[in-house]
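Colleague: Submitted below is the structure of interest, expressed as structure tokens.
The values are calculated or read from the model by the stated rules, or taken from the named source; none is laboratory data. Owing to the predicted nature of the structure, the values given are computational and were not obtained by experimental measurement. For neighbour counting, all protein chains shown are included, and Cβ atoms are generated from backbone atoms with ideal geometry for every residue, glycine included.
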Ligand SMILES: [Zn+2]
Ligand SMILES: [Zn+2]
């Protein structure tokens with residue numbers, strides 16, 4: 001694989017700011033520094049895709065070729081190129097692959113999750129952003145679903161720690177204060193006289209007024225899935241996160257801590273086990289719990305042992 005480092009200035013592509021440019025006949029990618037930095041990339045429907053470039057990860061010929069196809073609106077060809085790049089170990093390609101999997105309307109986040117996670121485990125901040133800003137945050141918009149706040153906080157903290165920043169520190173603190181003040185399930189307020197809230201011993205994020213409320217969240221609210229997934233990350237990712245990122249950027253092919261982590265999270269499971277879930281979100285099988293309506297977004301977190309519903313590949317990548 002030929003890696004070709006290029007200078008890039010900005011990291012973030014603001015999707016909303018570029019919607020007006022979608023009317024242009026072709027969103028050809030200019031090779032000028034400014035255009036490259038802004039990543040004016042459209043998918044086949046001429047919708048802007050959010051690409052957050054982590055400049056520490058080297059580009060490859062796959063990225064150059066893939067971007068060229070994207071610029072011509074040839075999304076499926078670009079997709080194939082990024083897939084090839086991903087399989088050959090190019091993490092910059094992997095980020096594009098995960099973004100394209102999610103789709104311009106982030107309609108298929110369950111398909112994007114395993115790839116966003118693969119990139120995030122390697123410390124690619126584009127993939128971490130995709131996880132915390134799209135895949136986990138979407139739950140905030142759907143009132144019937146529980147937002148995986150603990151997972152969102154994990155990746156927000158990881159992002160800051162990898163980049164030695166403090167961008168999300170304040171927000172996480174505010175969220176913690178908010179959650180500590182009342183029972184997550186029945187909203188009973190903590191009071192000095194009669195109610196003392198207890199918190200989840202593992203993630204220490206959610207608080208409850210009683211064992212009943214805690215169990216309701218654990219089972220029906222599927223906090224178990226989130227909390228178990230988080231436990232795997234805390235044990236097998238957190239202590240090694242910086243080393244894995246450095247080794248990946250360095251181009252190391254054998255990273256034992258990463259392979260162990262991928263196995264623990266179920267990313268390396270056989271494809272036959274989840275083949276039936278590799279369909280658009282709208283076609284996902286019903287995942288009814290206690291007669292509740294279809295909750296396809298459930299596939300965006302984890303199974304109740306903390307492993308992912310959909311894996312990436314058993315191969316070493
Ligand atoms: Zn309660
Ligand atoms: Zn928990």
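Colleague: How many residues are within 12 Å of ligand 2 (Cβ to nearest atom), within 24 Å of residue 113 (Cα to Cα) and in a helix (DSSP H, G or I) if we restrict to region 206-234?
Modeller: Final tally of qualifying residues: 12.
Colleague: Determine, yes or no, whether residue 106 is closer than 25 Å to residue 121 by Cα and either in a helix (DSSP H, G or I) or at pLDDT 90 or above (or both).
Modeller: So residue 106 does not fit the description; no.
Colleague: Please pick out the residue among 250, 217 that is at negative phi and within 12 Å of ligand 1 (Cβ to nearest atom).
Modeller: 217
Colleague: Any residue at all in region 160-167 that is outside the structural domain of residue 98 (by TED's automatic domain parsing) and either within 16 Å of ligand 1 (Cβ to nearest atom) or crowded, with 18+ Cβ neighbours inside 10 Å (or both)?
Modeller: yes
Colleague: Say whether the condition of being closer than 21 Å to residue 308 by Cα and within 11 Å of ligand 2 (Cβ to nearest atom) is met by at least one residue in region 235-244.
Modeller: Looking for residues that are closer than 21 Å to residue 308 by Cα and within 11 Å of ligand 2 (Cβ to nearest atom), one finds none in region 235-244, hence no.
Colleague: Given the residues 148, 114, which is the only one that is surrounded by 21 or more Cβ atoms within 10 Å (Cβ to Cβ) and modelled with pLDDT of 95 or more?
Modeller: After applying the criteria, what remains is 114.
Colleague: Also, quick follow-up: Select from region 220-242 the residues that are within 20 Å of the chain's Cα centre (by Cα) and surrounded by fewer than 17 Cβ atoms within 10 Å (Cβ to Cβ) and write down the one among them that is farthest from ligand 1 (Cβ to nearest atom).
Modeller: Result: 242.
Colleague: Looking only at region 207-223, which residues are touching a helix residue (DSSP H, G or I) at 6+ places or on another chain (Cβ under 6 Å) and within 22 Å of residue 172 (Cβ to Cβ)?
Modeller: Listed by number, the residues that qualify are 207, 208, 217, 223.
Colleague: Right, next: Within 13 Å of ligand 2 (Cβ to nearest atom), part of a loop (DSSP other than H, G, I, E, B), loosely packed, with under 10 Cβ neighbours inside 10 Å and under 26 Å from the mean Cα position of the chain (by Cα) - does that describe any residue in region 192-205?
Modeller: Yes - at least one qualifying residue is present in region 192-205.
Colleague: For residue 153, work out the one condition from (1) touching a residue at least 12 places away in the same chain (Cβ under 8 Å); (2) more than 22 Å from residue 124 (Cα to Cα); (3) within 13 Å of ligand 2 (Cβ to nearest atom) it doesn't fulfil.
Modeller: (2)
Colleague: Can you tell me which residue within region 179-191, out of those that are assigned to a helix (DSSP H, G or I) and within 16 Å of ligand 2 (Cβ to nearest atom), is surrounded by the fewest Cβ atoms within 10 Å (Cβ to Cβ)?
Modeller: 180
Colleague: Tell me, please, whether a residue that is in a loop (DSSP other than H, G, I, E, B), within 14 Å of ligand 2 (Cβ to nearest atom) and either at pLDDT 95 or above or touching a helix residue (DSSP H, G or I) at 6+ places or on another chain (Cβ under 7 Å) (or both) can be found in region 162-174.
Modeller: The answer is no; no qualifying residue exists.
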